[in-house]
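What follows is a short report on a single structure.
Only the coordinates and a few stated rules stand behind these numbers; no lab work does. Remember, it's a predicted structure, so these values are computed and weren't measured experimentally. Quick reminder, even Gly has a Cβ in these numbers, built from the backbone with ideal geometry, and neighbours come from all protein chains shown.
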Amino acid sequence: MKTNFLNLNSMKTSKLFIVAIFCLTLIISCSDDDDNPAPVNPTELFTNVTLTFTPSNGANATVVMEDIQPNGQGGGGATSNTVTGAFVSGETYTLTLAATDASDPNDVDDLLNDDVIPEADEHFFVYGLNTLNFTMTRDANDVVGLDGNKIGVNTTWVAGAASTGNLSITLVHEATAVDEAANNNLGSATGGEEDFNITFTNVSIN
Amino acid sequence: MKQIILLISLFTTFFTVAQDCNHVFLGEVSDYHDKTPIIGATVYIKNLDKYTTSDADGKFKIKNLCKGQLTLVISHISCETKTVSYDITGDTFKPIALEHHIEELGEVSVKADATKRETSTAQEATIDSKTLRRYNNLSIGDALEEISGVSSIKTGNSIVKPVINGLHSSRILIMNNGVRLQDQEWGVEHAPNIDINAANQLTVIKGSGALRYGGDAIGGVVVVKPSRIIVKDTLYGRTIFGGQTNGRGYNIASNLNKNYSSGWFGHVQGSYRRSGDFQAPDYILSNTGLESLGISTRFGKKTFESGFEMYYSFLNNEIGILRAAHIGNLLDFERAINAGRPLRIEDFTYDINVPKQGVTHHLAKVNYYKRFQNFGKVSLQYDYQNNRRQEFDVRVGERRNIPAVDLILQTHSILADVNLDSNLDRKYNLGLLGRYQNNFADPDTGVRRIIPDYDKYDFGVYATTEWLIDDDLIVDAGIRYDFNRIDAKKFYRTSRWLDSGYDIDFNDIIVGSVLSGEVQEGTIDFSLPELLANPIFNYHNFSASIGGKYSIDDNNKVMLNFSHASRPPNASELFSDGLHHALARFEIGDIRFNKEIANRISASYNYTNSKFNFLAEVFYNRVNDYIFLRPDNSDLSTRGYFAVWIYEQTNAELFGIDINATYDVTPNFQYQHKSAFIKGNDLKTDLPLIDIPPFNTTNQIRYYNEKWNNFSASLKSEWVFEQNEFPDFNYQVTNQLTGEEFTIDISSPPPAYHLLHFYSDATFNFKGKTSLNVAFGVNNIFNASYRNYLNGLRFFADDIGRNFTLQLQLNY
């Protein structure tokens, strides 16, 4: 009869339901495991950026600027920012860049050659000078990027009058427009974001 | 005259019926729940085509019955009509139970708007199906703004999260068809994963009064319900086509419902929405397109005495994030602010590029209920949710196709609920909840996890009651206890561990340091860059609520409610430690956080007459150990300056008033007003709280004429003031090259704005049940440029400009 609310059908359903829930609880409680998760190997961290200025006259010293941040953009850790050597007024220097991810010392990634140069049209180096006298040019063999602009991997620097100040290097990613000739070839970029922006202080030209 | 007819009819009966027709049937009609007799129920004797009614004891008598089947149709005002058949072999007595509060079944005709309240005394508002359909091309968060006191916190215009009386994210609990949504709701740019097309009704309960849903809803509860199940033989559906000029968007949604009078039902629903880049008045908002697909289906059986439902829903969203909002460091941020417009504006496209987010959400549930006479209703439910969240960042080389964030959150819940309603004046509701949750953060992203892997266990028990003291006074109360346990496996950079001072109290939870990509269990070496910790935290939470509703007379009503709620810190607040690439900011949590405890008192006054309806709601919410994210300072790294945002714990107070009024100027003209004013203070620092919605007021006039195919047209003015009370978290940053100092202004709110919207619709009825509703709207008629304080992208671009919308809705 329809009015009998304790009908067989619904009894079956309810029993089935309880059994189903019970099974699920078992599955849930058994699927727990105590394994440790795998550590993440962070990629695309610019941990080590080195600028090596080699003089054309071998008698003068090579100037090396090195910035190390073991955690990359994360900050912290044993960071260092050093300038070794001094420029000599009138001397011409060839700049060699290195940018690596050394967060895993056993597996150092060469970000400059593996990522930046192959995707030259998305990358551009902007240099900055403050109270330092340099004449900088982007070399003929420099890598060409967005709209035919040289991205600034291969550059030549002529030290001017004696001075002390700061030098900065900025890697801009996915700029909308770049200009290699702006600011006396130091370059400028609009749009995009900075992959790194490093300033070296107390650079001197003697 | 009457007597004569009666006599004749008696005569005819006597002579036409030849055999033994002298049996008596005695029936007793009573309420299903409490067995009280139902007086004056109409009893229709089908065989005889005669009527009788039940007496003061609920009894009725039918004499002179013949052998054979007797069919009775018993009905009573506000009762479910019941048809019963009996075999008459002699004098018979039968008790007949009627369901006396039909609204429980939702069997009132589809047209009726009779909405059942979720609570008796909390501040609550509902958006009905008709209003909801206007938001088919938008989101749940947009629709909820219809309710005064509810605003939204946004990332662009497609990622919209509700803010209830100044609180959002983990402080708002969202119930989707009886299932608590678990979808990484801690993040501001994580919008609720609910397809608005699958919803038929939205209810907002301000504050934590609805204890059966959870004890941690310090902000409130949003209850999303699918369409009601109609227990009759019917097949109906609806198909919606929509188009929008801004973003050149289009959407289609369709549903089909088959119901049987036996209680069986089956529903399917699907929706698809696509939009390209949206447009601000002066420029294209590049990379703001979206694509969304939602499917849901349910089937089951629903009768008064028992029923079950199986429900499954799927939602996949892919949403682009304004390209210009992706910044590398604070210098980029400063340039973006100074430019006043996005630094990257490209041609319109439907393509969604990085940065973008993709979220897939599966929800499956099965529930069963059974009603016991003279007792109440028992329900059991199991549900499972699988939420996968991927955030794609601007990356180099092949990594651009690898998400920077890739999280899978799985949740299982079991719920048992007993509703004792045999005495309608004293209702009790008891329940138990068990929940297990697992979060998995994929290490293949190549980006340190912002949220760690964890297991979470919840256990809850609650009891609520509702007392009808007399016709004018209802009192309700409830208590709830929740136990939460979070067991995480988290990698810390050793420098962060030391900077946070965790080495003082928490070295015992370190599993081991990491050497060459391997966890060295038991080894703690702070000279190694990374370590793995296993924090396990337990939280005991008590919550309670008490309230009353008093009807002073037919026009005036007052409500008072007090609720106490407690919320444990979420995984982000405890463990967050990572870079939000798109926002160039570090977010840092703290494992020392206590649970938040809120005490909220609210009072409402409602005046109604046939033309005028006025509702004022005031509240005061005091939250101890309130956790919030704030800009702290900047961190210098190879990439330049990053903004560092830290989670902080303080004592806070929030208070405000929400006003709602409607006035029928004429039967065709209606005026509607709503406004919300809220203030939030940090009681430790005496600063205002961050991200508190400014005062806003909405005024609308509406013309409606039923004779012109239900034509309606409305003009709505939305006025949002400037937030003058904000904490100044600006800080100074030095340009390393030049030594120049400049201020990063991340605190100043944008100026006030005023928008005007138009909406109009008409419904054309065709043969049978088929009707076509045509709706046309213009949002932001004057194409005003504006920015909203609660929009994360306000630093980079204006909000969207004028938008013409057209929607065709075919009901069949």
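So if we plug the beta-carbon distance of B:H754 and B:L528 into 1/(1 + (r/R0)^6) with R0 = 56 Å, what FRET efficiency do we get, rounded to 0.05? Result of the calculation: an efficiency of 0.45. For region B:368-419, evaluate the Debye formula with one uniform point scatterer on each Cα (no solvent term) and list log10 I(q)/I(0) at q = 0.15, 0.22, 0.27 Å⁻¹, rounded to two decimals. Values, matching the q order: -0.60, -0.82, -0.95. Remark on A:D139: its backbone amide H falls under 5 Å from those of A:N154, A:T155, A:T156, a criterion applied only to residues 5 or more positions apart or on other chains, H modelled at 1.01 Å from N. Extension gain for B:E725-B:Y260 works out to 161.7 nm (0.36 nm per residue, less the C-alpha to C-alpha distance). Under 5 Å between amide hydrogens, built in the peptide plane, is the criterion, and for B:D632 it picks out B:V644, B:W645, B:I646 among residues at least 5 positions away or on other chains.
So for B:S771, B:S148, fewest C-beta neighbours within 10 Å to most, what's the order?
Values: B:S771 17, B:S148 23.
Going from least to most buried by this count: B:S771, B:S148.
Given B:Q700, B:V160, B:N287, which one lies farthest toward the positive end of the charge dipole of the protein assembly as shown, if we put +1 on the Cβ of every Lys and Arg and -1 on the Cβ of every Asp and Glu? Positive-end residue among those listed: B:Q700.
For the protein assembly as shown, what is the mean residue ellipticity at 222 nm derived from helices alone (per DSSP H run of n ≥ 4: -39500 (n - 2.57); sum divided by total residues; nearest 500 deg cm²/dmol)? Present the calculation step by step, with values, prior to reporting the outcome.
On the way: 8 runs with 73 residues, N = 1018.
Helices in the protein assembly as shown give a 222 nm mean residue ellipticity of -2000 deg cm²/dmol.
Taking Cα atoms, how many degrees apart are the long axis of helix B:330-339 and the longest axis of chain B, rounded to 10 and kept between 0 and 90? Approximately 70 degrees, to the nearest 10. The fewest-to-most ranking of B:L473, B:L810 by surrounding Cβ atoms within 10 Å reads B:L473, B:L810. For region B:138-146, putting each phi into the Karplus relation 6.51 cos²θ - 1.76 cosθ + 1.60 with θ = phi - 60° gives couplings of 10, 10, 3, x, 5, 5, 5, 5, 4 Hz, in residue order, rounded to whole numbers and with x for Gly and Pro. For region A:48-205, the dipole from Cβ point charges (+1 on Lys and Arg, -1 on Asp and Glu) about the Cα centre works out to 940 debye, to the nearest 20. Sorted fewest first by neighbouring Cβ atoms within 10 angstrom, B:D664, B:D57 come out as B:D57, B:D664. Label reach from B:F542 (point 7 Å along Cα→C-beta): in region B:448-484, amide nitrogens under 12 Å belong to B:479-482. Placing unit charges on each Cβ (+1 for Lys and Arg, -1 for Asp and Glu) gives chain B a dipole about its Cα centre, and among B:S262, B:G320, B:Y384 the Cα reaching farthest toward its positive end belongs to B:S262.
Comparing B:L473, B:S572, B:Q732 along the charge dipole axis of the protein assembly as shown, the residue lying farthest to the positive side is B:L473, per the Cβ-charge model. Amide hydrogen proximity for A:F124: with H placed 1.01 Å from N in the peptide plane, the residues at 5 or more positions away or on another chain lying under 5 Å are A:V172. Under conditions of 20 °C and 1.002 mPa s, region B:286-332 yields 146 µm² s⁻¹ as its translational diffusion coefficient, taking Rh as the Kirkwood radius over Cα pairs in the Stokes-Einstein equation.
Each residue, B:F372 and B:Y481, gets one label point 7 Å from its Cα in the Cβ direction; the gap between the two is 2.3 nm.
To the nearest 0.05, how large is the calculated FRET efficiency for B:N338 and B:V418 if R₀ is 35 Å and r is the Cβ-Cβ distance?
On the way: r = 62 Å, r/R0 = 1.77.
The computed FRET efficiency comes out at 0.05.
Charges were assigned to the Cβ only: +1 to each Lys and Arg, -1 to each Asp and Glu. The resulting dipole of the protein assembly as shown about its Cα centre is roughly 6060 debye. The fraction of all Cα pairs in region A:48-205 landing in successive 10 Å bins from 0 to the largest distance is 11, 40, 36, 13, 0, given as whole percents.
For region A:162-206, the gyration tensor built on C-alpha atoms gives an oblate shape. Its axis ratio a/c (a ≥ b ≥ c) is at least 1.5, and a/b is not larger than b/c. Note that region B:38-45 has calculated 3J(HN,Hα) couplings of 9, 8, x, 6, 7, 10, 9, 8 Hz, one per residue in order, obtained from phi through the Karplus relation 6.51 cos²θ - 1.76 cosθ + 1.60 (θ = phi - 60°); glycine and proline are x.
Counting only alpha carbon atoms, the long axis of helix B:2-16 and the longest principal axis of chain B meet at about 80°. So which of B:K130/B:K232; B:K206/B:K557; B:K59/B:K82 end up more than 20 Å apart by C-alpha? Those over the limit are B:K130/B:K232. Gain on full extension, evaluated as 0.36 nm per residue between B:T608 and B:T234 minus their Cα-Cα distance, stands at 131.0 nm.
Ordered from longest to shortest, the equivalent ellipsoid semi-axes for the protein assembly as shown are 66, 31, 25 Å, each the square root of 5 times a Cα gyration tensor eigenvalue.
Any idea what the dipole of region B:224-811 comes to, in debye rounded to 20, about its Cα centre with Lys/Arg Cβ at +1 and Asp/Glu Cβ at -1? Could the numbers behind the result be given before it?
Working: 59 positive and 69 negative charges, 539 e Å.
Dipole of region B:224-811, to the nearest 20 debye: 2580 debye.
Projected onto their three principal axes, the Cα atoms of region B:224-811 cover extents of 75, 58, 47 Å, largest first. Couplings for region A:92-109, taken from phi via the Karplus curve 6.51 cos²θ - 1.76 cosθ + 1.60 with θ = phi - 60°, read 9, 10, 9, 8, 10, 9, 9, 9, 10, 10, 10, 5, 10, x, 7, 9, 7, 9 Hz in order; Gly and Pro are left as x.
Once R0 is set to 41 Å, what does the formula 1/(1 + (r/R0)^6) return for the Cβ-Cβ distance between B:Q520 and B:R622, expressed as a FRET efficiency to the nearest 0.05?
Efficiency, from the Cβ-Cβ distance: 0.30.
With one equal scatterer per alpha carbon and no solvent term, the Debye-computed log10 I(q)/I(0) for region B:376-496 at 0.12, 0.21 1/Å reads -0.66, -1.13.
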